[in-house]
There are 2 protein chains.
Amino acid sequence: MSDFTDSLRPKQHSGLEALAHERQQSNLPIDELSTHLLGADGFLARQTKVLKVVQSEPLFSKSYQQNLSRPDRYKLGLARGKLLRRLADKHGWTPEEHETAEYLVDDVSPYMLHMGMFVTTIREQASDTQRAHWLPLIESWKIIGAYAQTELGHGSNVRGLELEARYDTKTREFVLHSPTLTASKWWNGTLGRTANHAIVVAQLLLPDAKGKYVSYGPHPFIVQVRDMKTHLPFEGIVIGDIGPKYGYASMDNAYMLFNNFRIPHSAMLSRYSSVNPDTGKYTKPEESAVVYGTLTFMRSKIIQHARLVLARAVTVAVRYTTVRRQFADRDGPSNGPELPVLDYPTVQIRILPLLATAFALHYTGLAMQEIYNSTRKEIEAGNFGSLAYMHSMSSGLKSLCTTLAADGIETCRRALGGHGFGGGSGLIQLNNDYLSKPTVEGDNWMITQQTAAYLVKKMTSTLGGAKGTAVDEIDVQFRTYLPQIRGVSEASYNILESDEALVKSFQHRATALAYRVYQARVVNKKPWTSLMIEFHKLSKAQSQSILVTKFHNALASSTDLSPATRNILWDVFRLFASYTLDADRYEFFTCGAASQAQLDALPARVNEIMTKIRPHAVSLVDAWKIPDYLLDSALGRYDGRVYEDLFNRAHRLNPLNKLTVNPNYWEDEIIKDGEDIKAIRAKL
Amino acid sequence: MSDFTDSLRPKQHSGLEALAHERQQSNLPIDELSTHLLGADGFLARQTKVLKVVQSEPLFSKSYQQNLSRPDRYKLGLARGKLLRRLADKHGWTPEEHETAEYLVDDVSPYMLHMGMFVTTIREQASDTQRAHWLPLIESWKIIGAYAQTELGHGSNVRGLELEARYDTKTREFVLHSPTLTASKWWNGTLGRTANHAIVVAQLLLPDAKGKYVSYGPHPFIVQVRDMKTHLPFEGIVIGDIGPKYGYASMDNAYMLFNNFRIPHSAMLSRYSSVNPDTGKYTKPEESAVVYGTLTFMRSKIIQHARLVLARAVTVAVRYTTVRRQFADRDGPSNGPELPVLDYPTVQIRILPLLATAFALHYTGLAMQEIYNSTRKEIEAGNFGSLAYMHSMSSGLKSLCTTLAADGIETCRRALGGHGFGGGSGLIQLNNDYLSKPTVEGDNWMITQQTAAYLVKKMTSTLGGAKGTAVDEIDVQFRTYLPQIRGVSEASYNILESDEALVKSFQHRATALAYRVYQARVVNKKPWTSLMIEFHKLSKAQSQSILVTKFHNALASSTDLSPATRNILWDVFRLFASYTLDADRYEFFTCGAASQAQLDALPARVNEIMTKIRPHAVSLVDAWKIPDYLLDSALGRYDGRVYEDLFNRAHRLNPLNKLTVNPNYWEDEIIKDGEDIKAIRAKL
């Protein structure tokens, strides 16, 4: 389709030159920073290796998928999932490499739960015999599994699950039964159309001495749900996909009900608890909290994932707002050049703190991973001491980090102006998919209670005079700041000039809130429910303190950074801490964590730091090495050819432009010599 | 498809009973409040009349559309647009009734710009002769028009538009030409596929005495762009749809370029400015700001629209969170009943302030409409005195109100837990479509400069000693609060106990910020750009003050409300004002607009008001009379049959469940006896 537009170019200042200029004006050694961020666990090498393979496959081309119907998106997802596994076989990819390929293709895989919760649950909760039986089938994809816990009427309150697993001692079988509509399993990914097996979480019902059934709470079972040949659900099981959603178009989230469906005794995963096949007697797990293992693992993954999601949104935002120019300086000559919009403080204040947040999320993600790994090892060795600490921290951090990332994507998108609403932004599917995260694996408002409960417990024991070695970081924090907060000594942190003071101010404020909440709940016996908003604020304050502390400590102890990089990262740290503090100034003020004079000066300080970071903005996002293939963004392209790409997508790739319509309302024809109103109605 | 699920019901407490209980426990006379809100301009009667017609048309059924591809969504939109116009003819609908029908069908119409900006621009900017020629063609839909202003490289900065309209005195024609790629028109709704005419805004270039072309800035032209028979663009014009977007799937936003395309002299809309056909001499408009007329009209419409959008999201959120139960009271017996989640303060704090915001938006929308109508009359009479005031207020309010509504929808959606991410929430398309609003008709961060500039100008004249009659409300406000702010007298507002004090506190704070900004810009000569964040804060503060003031004054002066309704609405007002104030406590504190003791007590006060409003929450949303047909929400249904509806959508209406797949990755088959990988790839 050749026409006069072929010879047109954007007006002056091409994006190419704009970004070249940005990269020139920064002394940040990009590769050094990339290695620091993403080199340690081999991520960069994996990405390079896998990227070459996936971006040459036509099935992984992203240019058309926004035009597809939802059923076609699912089919495409399934086809892509198959191809990825074949490529993994062909190239001998490790599980990490396979995962990196999924990440780059960026289309939620209908096999996702199979590779995630399903296999993880078998590894963590199946007995050795069960592992030996199931793992080879799972790893070879001979069977495809899902994880079915959430129900139509029950999400966060796992104890309220309705699906029953009633043990029949005579036949040595469990009878799965959904007594109501709200007992229907719901939301369970990979299960709607794809899986033939599932972990099914159900209320374990065992007969007592008199034969009366008693509930032992929710337990996991592995169940074959579809015929291996016909792929149809067995008689007594109803399964389907729940329909279109905000995002996750390619994922088949399921509903599933059972009608007195029998499964063998061996179906119950029995690493930690078990039922005697003959007597129906229950053996309980040594440590009830052990069932939180998988959940905490998922939360830890989510926290680590957040940094790359936000880095991606920020990459688009920073690059585009340096290419996009709008208005001349109002104080300059009226015919002056239009400025890159990132020069405007109103654009900076939306994007640069998020750029800093991506780094903050990174260091906390690393710390969380370390805690998870060490705790996991302790658990395998039968030591459950750190579990409560890890669980409570992962709750607060999951809540805060996913909120920051989810809100951050949308803030970036809006900062792109009109083009942010267009398909070329690269942020639409990212936003739609990511908006599941504030809710999954524990609702972001609900789970902060868990963090607060732990902190109140810790505060009680600290105030009760617990001495000896500090068990965890919370002990240290409380012992450090409580004397000041209770008025024994005076706090004064120079938050405008000292990085350590920023850290202390955050720790002080979190401790002060913990003390307030302790007084309300423990001393004044306020009802739990009435304190929920305070719990949420406390969890947020503690989690922010962790983000600031981990960021600070990582920089202070890093040995792999050149002075240039370190200096810039310190400014990034300062921006994150100062901006975060600024948003809650009243709280810091009334906590005594900062003085009014300092707080009054903080907005100017934030602007000052942003001015220092501005010249490095493009280099800082470059360091995250998000490939153009993953970005799939006309606005965020590495080479800055924004307008050429937007035009190409519209003029050459948009299928709608193949249709010529008939706009006359008195005529039934919709498409010239094609569909009429009746044909359109028939599609509904 | 009959199976064992047919006989299943939700566990206990049906939604039906839950909502009946909620409605019983409130003494709010719902119909009285509805009439108060929506009766005055006939909205309720229109809705009732039109609803009957549209919901019986199969083409307007919403149950399947989330499954359609983007091209099919556009075709459906076009078919619906045709049918709506036919129904309007058949039933003799007024333009308002036609608009109400569009609102209920809730699918952005490809004819939208024809009925909006296109006809409005002709009415406002065409000469009498032009009106006489074009209006009959437009009103009969013999021609379909769009509005093409924004370009690929130019949005908010209208003066930077690149498209040229060069007058050729010899042929008495304008030559439209796009010199670059960034000069391409972009985003122009209705134009991508549907329209055959457009208002085209281009730089008017006229020859000077020596024949050299000089620019007179952007001017509107009416241009036929497609052949009336073939519907193909004319030679020298390239037009197309820009492709998939965040929302607006059914709208054909366009790109359009011209290659020396000639249009007659009569194409230039010449109510306010004109070009002499023979000499090419320019006659400028008496008042240059007059071109803002259409824009201000659009902003005023957007502000009025925001209340119904937010009311809709809040209706879903309130109803569902009273039906949804989760966890027993932690301080109660462990086997106590699960509580409706709206009983939790962490749910209330997200939803109830938004419920209050819908009312605040309502009263400000009414006030804005009045100002628009009176200003419009003055303009028609040649009096442009109020235009600057209206324009500046509409900028700040458009920014604040659309941000509140857009963020509010998403806050409501997240408060729905997992089901908020599902297609049954009714908030997905609402969110996707509405997210255009913070950007269109002036970016929400950009346009706050206009409000701030006006306030600084006003502050300068007030401080310069302007006496005499106050010209507008800003004069009154500044004269009232400046003495206190400058220390002549002391402010003390009892914000915890007095409704008037809340109003005063907001007006005081807005004035204080205006004074600060005045000092920075006028006294200390700070660069304009460096103050942009302050401008934004000032605009927000002033707009919040307007929302609080209009809400207060409407209640104080209302004569149509019973005591029961008034009492409840006063609490709604208190919640809006207190919650809004709480979010900016530090600013109110340092402005002297509230004392620390009061501010410390504010969160508890907000909780207390929420507890008072909680029993009326369902009745308050019922009063907005959003029909189930519009809501299209399993979660927000009037009858509360949430789970039955969710299950029905999944189990009976989801087309994906007709497909049985082959999950074996080593096999090419994707759909059993159907498409294989190759067929899927061919769709890309």
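Here is how the numbers come out for the structure above:
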quantity: Filter pass, A:ILE263 being in contact (Cβ under 8 Å) with a residue 12 or more places away in the chain, over 23 Å from the mean Cα position of the chain (by Cα) and under 30 Å from A:ASP72 (Cβ atoms); calculated: no
quantity: Condition met for A:GLY236 (small (Gly, Ala, Ser) and either at pLDDT below 95 or touching a strand residue (DSSP E or B) at 6+ places or on another chain (Cβ under 7 Å) (or both)); calculated: yes
quantity: Residue in region B:57-76 that is open to solvent by 30 Å² or more (accessible area, probe 1.4 Å) and over 30 Å from A:ASP252 (Cα atoms) present; calculated: yes
quantity: Where A:GLY426 falls short, out of the listed (1) over 33 Å from the mean Cα position of the chain (by Cα); (2) crowded, with 23+ Cβ neighbours inside 10 Å; calculated: (1)
quantity: Subset tally (residues that are within 11 Å of chain A (Cβ to nearest Cβ) and either over 24 Å from B:HIS133 (Cβ atoms) or open to solvent by 20 Å² or more (accessible area, probe 1.4 Å) (or both)) for region B:216-247; calculated: 16
quantity: Checklist (1) under 25 Å from the mean Cα position of the chain (by Cα); (2) not in a strand (DSSP E or B) applied to B:ALA146, failing item; calculated: (2)
quantity: Filter result for the condition that a residue is surrounded by fewer than 23 Cβ atoms within 10 Å (Cβ to Cβ), modelled with pLDDT of 95 or more, closer than 26 Å to B:ARG413 by Cβ and among the polar types (S, T, N, Q), over A:THR411, A:THR346; calculated: A:THR411
quantity: Test: residue in region A:125-145 that is small (Gly, Ala, Ser) and within 14 Å of chain B (Cβ to nearest Cβ); calculated: yes
quantity: Top-ranked residue in region A:1-14 [being crowded, with 16+ Cβ neighbours inside 10 Å and without any contact (Cβ under 8 Å) to a residue 40 or more places away in the chain; ranked as farthest from the chain's Cα centre (by Cα)]; calculated: A:LEU8
quantity: Residue within region B:267-276 that is assigned to a helix (DSSP H, G or I) and in contact (Cβ under 8 Å) with a residue 12 or more places away in the chain present; calculated: yes
quantity: Filtered residue count, region B:15-35, keeping only those that are of a type outside the set (Gly, Ala, Ser), open to solvent by 30 Å² or more (accessible area, probe 1.4 Å) and part of a helix (DSSP H, G or I); calculated: 9
quantity: Helices (runs of 4 or more DSSP H) wholly inside region A:462-572 containing at least 2 residues that are open to solvent by 20 Å² or more (accessible area, probe 1.4 Å) and at pLDDT below 95; calculated: A:473-485
quantity: Selected residue [open to solvent by less than 10 Å² (accessible area, probe 1.4 Å) and under 31 Å from the mean Cα position of the chain (by Cα)] from B:SER140, B:SER184; calculated: B:SER184
quantity: Tabulated pairs, region B:653-679, first facing chain A (nearest Cβ under 8 Å), second open to solvent by 50 Å² or more (accessible area, probe 1.4 Å) and part of a loop (DSSP other than H, G, I, E, B), C-beta under 6 angstrom, 6+ apart or interchain; calculated: B:LEU653/B:SER63; B:THR660/B:LYS672; B:ASN662/B:LYS672; B:ILE677/B:ASP668
quantity: Residue count for region B:80-123, restricted to those that are within 9 Å of chain A (Cβ to nearest Cβ) and under 20 Å from A:ASN654 (Cβ atoms); calculated: 1
quantity: Residues being open to solvent by less than 50 Å² (accessible area, probe 1.4 Å), among the charged types (D, E, K, R) and assigned to a loop (DSSP other than H, G, I, E, B) - total across region A:149-179; calculated: 1
quantity: Some residue of region A:315-332 being open to solvent by 40 Å² or more (accessible area, probe 1.4 Å), within 14 Å of another protein chain (Cβ to nearest Cβ) and basic (Lys, Arg); calculated: yes
quantity: Pair list, Cβ < 9 Å and 6+ apart or interchain, from region B:478-490 residues that are touching a residue at least 12 places away in the same chain (Cβ under 8 Å) to residues that are open to solvent by 90 Å² or more (accessible area, probe 1.4 Å) and of a type in the set (S, T, N, Q); calculated: none
quantity: Selection from region A:202-215 of residues that are open to solvent by 10 Å² or more (accessible area, probe 1.4 Å) and out of contact with any Gly (no Cβ under 8 Å at 6 or more places or on another chain); calculated: A:LEU205, A:ASP208, A:ALA209, A:LYS210, A:GLY211, A:LYS212, A:TYR213, A:VAL214, A:SER215
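Results for (1) of a type in the set (Val, Ile, Thr); (2) assigned to a helix (DSSP H, G or I); (3) closer than 19 Å to A:LEU659 by Cβ; (4) modelled with pLDDT under 95, shown as yes or no for each residue.
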{"position": "B:SER56", "(1), (2), (3), (4)": "no, no, no, no"}
{"position": "B:PRO71", "(1), (2), (3), (4)": "no, yes, yes, no"}
{"position": "B:LYS75", "(1), (2), (3), (4)": "no, yes, yes, no"}
{"position": "B:ARG86", "(1), (2), (3), (4)": "no, yes, no, no"}
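The values are calculated or read from the model by the stated rules, or taken from the named source; none is laboratory data. Fair warning: this is a prediction, and the values are worked out from it, not measured in the lab. Cβ atoms come from the backbone with ideal geometry, glycine included; neighbour counts cover every protein chain shown. Remember, those area values only see protein heavy atoms, side chains included, never the ligands or the DNA or RNA. Shrake-Rupley method; radii C 1.70, N 1.55, O 1.52, S 1.80 Å.
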